[in-house]
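Each reported figure results from applying straightforward, stated rules to the coordinates on display, with no laboratory input. Model, not experiment: these values are computed from the prediction. Here the Cβ positions follow ideal geometry from the backbone for every residue, glycine too, while neighbour counts run over all protein chains shown.
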Number of protein chains: 2
Amino acid sequence: MFAASKKGKEALPGDLAPIGRHSSLGESAYAALKDSLIRGALQPGTKLTLRSVAQVLEVSTTPARDAITRLIGEGGLINAGPKTVIVPYLSLPDLDEITAIRLSLEGLAAEQSTNHVTEADIHELEELQQRINRGLDEGRYTDVLDANKDFHFLIYRRSGMRRLVTIIESLWLRMGPAFNGLYPEFAQSRTGVSNHLWALRGLQDRDPAAVRAAIENDIRSGYRRLSSQLGAAGDQQGEPVT
Amino acid sequence: MFAASKKGKEALPGDLAPIGRHSSLGESAYAALKDSLIRGALQPGTKLTLRSVAQVLEVSTTPARDAITRLIGEGGLINAGPKTVIVPYLSLPDLDEITAIRLSLEGLAAEQSTNHVTEADIHELEELQQRINRGLDEGRYTDVLDANKDFHFLIYRRSGMRRLVTIIESLWLRMGPAFNGLYPEFAQSRTGVSNHLWALRGLQDRDPAAVRAAIENDIRSGYRRLSSQLGAAGDQQGEPVT
DNA sequence: TTTTGATATTTGATGCAACAAAAAAGTTTA
DNA sequence: TAAACTTTTTTGTTGCATCAAATATCAAAA
């Protein structure tokens, strides 16, 4: 069928180039669309067409197609008909399932991170937390959500488990659109703050169970707020009544 | 940016069609390649080119490209150079990470399945187990692995969590190639049998913790066997020495 | 023999056109 | 007015040509 590669390349003496990164229009388009979805820039129900995406991203249909196809595979977009791709609605059952998986995986990542986290990391986390606090004070809710995401993923990355982080990212990707139009209401609560402080303390103490508990609490409190908003905002962005 | 669709489609009276499935060359190519990977038909290190895949699958480069791109996104294939896509090697750290995630997610799926599993399901699982036993007796190791997969995923599907099952599938996809050429050695052990029996008993008793424990044990025992094989088979299919 | 460099080949990325299917718009009819 | 039909437009799919970059091949030089 296919030939297996057998060669083993010689390592360069200087061993410099850490491998040039990917750069292709398809990759960029994918990243751009994904980013829009994660940060809730796209309202659930938004219909995406090949050519409209291509136009907005200023690429041809081929890279746009790449991006859409991949995002559908991840669940970030869904096929809602023969020729209709839309930003998915987040139903309560969906939220339940995603939350259950998040508790498992982000809990695991949080635990593991205690083994690798550095003092510098903790300082950075404290700065992010200050950014969150300031954002709450000054009503810059987008900042709050951004910093919140950075806070979580900095911890998760320190698990040293790349695949795990990727999977968690795909879960946030699925949640993103549900935040569309909810920024003020959602970010206003300060219950998340204490959870983050507990997480920080746990990291300093190198206490995996404590960090896990803090993250789990944070996820649960987010779940409560989001699930109530899902019901309340039904007419504006909820699932279309069938 | 994009227009949001506002229509709410009328639900069909009969509400039958569970939505006609996708059928496109790209989708088929993806499914075919993915299947090859999961069942270990492709040796790690195998180099895939657009045109070779297109030729084998008897499609043009476009669907082949779709399949490869998506699989790379899932980690089922990796980019090992500027223009080189290969079936990934499974290193021990990789296996460790995947196993940790599997314990979390397959444990969760196993737990949840106890809430929905039916008598018919249990019967089917028993039949699958008999197929496993027969396969072991008669040395039909491919059958053993196939039935083993069916056994696990029947349980996981009964969790009612679709996304969870998809994620678990992507983990198996990552493990598949490591089984290439290991069928006899790997399937010979019968330690998995008792774990399956424990799982069955747990399902009958509707005991989530017991089912979870059985599945976790099964995963751990598989981990032990595979990790030792990984080291042993180094020269034949291990990572190329650099 | 090994190394070096030039040449030929292969490769993925990208854009694009053709096509059929689907949706939308418009028109006619009851 | 609404239902049924027709026409027009839009859409995703697919194949393919082009191009630059990477690879493989091979011959000359050391």
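Could you tell me which of rounded, prolate or oblate describes the range B:92-237, using a ≥ b ≥ c as the square roots of the eigenvalues of the alpha-carbon gyration tensor, with rounded for a/c under 1.5 and, failing that, prolate when a/b is larger than b/c and oblate otherwise?
oblate
Go through the range B:65-75 residue by residue and turn each phi into a ³J(HN,Hα) via Karplus (6.51, -1.76, 1.60, θ = phi - 60°); whole Hz please, and just put x for glycine and proline.
Residue by residue, the range B:65-75 yields 5, 3, 4, 5, 4, 5, 5, 4, x, 7, x Hz.
On the Cα set of the range A:25-86, report Rg and Dmax in Å, please.
Every Cα atom of the range A:25-86 included, Rg and Dmax give 10.4, 27 Å.
What is the spin-label model distance, in nm, from B:Lys149 to A:Ser189 if the labels are put 7 Å beyond Cα along the C-beta direction?
For B:Lys149 paired with A:Ser189, the spin-label model returns 4.2 nm.
Test of understanding: what is the full-extension gain from A:Asp35 to A:Ser221, defined as 0.36 nm times their sequence separation minus their Cα-Cα distance?
The A:Asp35-A:Ser221 span can extend by a further 64.6 nm.
Past 32 Å, Cα to Cα: identify those pairs from A:Lys83/B:Lys47; A:Lys47/A:Lys149; A:Lys149/B:Lys47; B:Lys47/B:Lys149, in the order given.
Beyond 32 Å: A:Lys83/B:Lys47; A:Lys149/B:Lys47.
Cβ neighbours within 10 Å, averaged per peptide: list B:45-57, A:167-179 in order, most packed at the top. Write down the numbers at each step before the final one.
Numbers: B:45-57: 17.5, A:167-179: 21.6.
Per-residue Cβ counts within 10 Å, averaged per peptide and sorted highest first, yield A:167-179, B:45-57.
So, in nm, how far is label B:Arg51 from label B:Thr142 when the simple model puts each one 7 Å beyond its Cα toward the Cβ?
3.0
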